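Take a look at the structure below.
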Amino acid sequence: MGTGYIQAQKKLAEKKKQTVATEAEIKAAYKEVLGRSADKGGLENYKKAGLTVDQLKKDLAGSVEAGRRGVDATKYGVKAADPNSLNERQRVS
């Protein structure tokens, strides 16, 4: 997750007066999207990011890990990627 993306999403949340995800909501999003507990680093990064719950879920769903786990990222608003444009690390085998 790039800092430019985080800043843009943070500004969008501020404009829309949306609520930033709490620690409990971040943990719940990890369980829902990735099926696992949040690791310490991920939890800290998302606490600092200031994303809403929806933005957080979309970001998690669009991750390489989610792709490897077979998560349907479109359920969280991520547009389907062209499989031909993915690099080797992103492809699910």
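What the table shows:
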read-out: Search result, residues across region 21-37 that are under 18 Å from Gly67 (Cβ atoms) and open to solvent by less than 60 Å² (accessible area, probe 1.4 Å); value: Ala29, Tyr30, Val33, Leu34, Gly35, Arg36
read-out: Hits in region 68-81 - residues which are assigned to a helix (DSSP H, G or I) and open to solvent by less than 40 Å² (accessible area, probe 1.4 Å); value: Ala73, Tyr76
read-out: Residue within region 52-60 that is assigned to a loop (DSSP other than H, G, I, E, B) and modelled with pLDDT under 95 present; value: yes
read-out: In region 13-43, the residues that are in a helix (DSSP H, G or I), at pLDDT 95 or above and among the charged types (D, E, K, R); value: Glu23, Glu25, Lys27, Lys31, Glu32, Lys40
read-out: Matching residues in region 43-67 - criterion: being more than 10 Å from the chain's Cα centre (by Cα), open to solvent by less than 60 Å² (accessible area, probe 1.4 Å) and free of Cβ contacts under 8 Å to residues at least 24 places away in the same chain; value: Leu43
read-out: Scan of region 28-42 for residues that are under 19 Å from Thr74 (Cα atoms) and in contact (Cβ under 8 Å) with a residue 12 or more places away in the chain, ordered by number; value: Ala29, Tyr30, Glu32, Val33, Leu34, Gly35
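The values are calculated or read from the model by the stated rules, or taken from the named source; none is laboratory data. Please read all numbers here as calculations on a predicted model, not as lab measurements. No Cβ is skipped: glycine too gets one built from the backbone with ideal geometry, and neighbour counts run over all protein chains shown. Heads up: the accessible areas ignore ligands, DNA and RNA and are worked out on the full protein's heavy atoms, side chains in. Shrake-Rupley method; radii C 1.70, N 1.55, O 1.52, S 1.80 Å.
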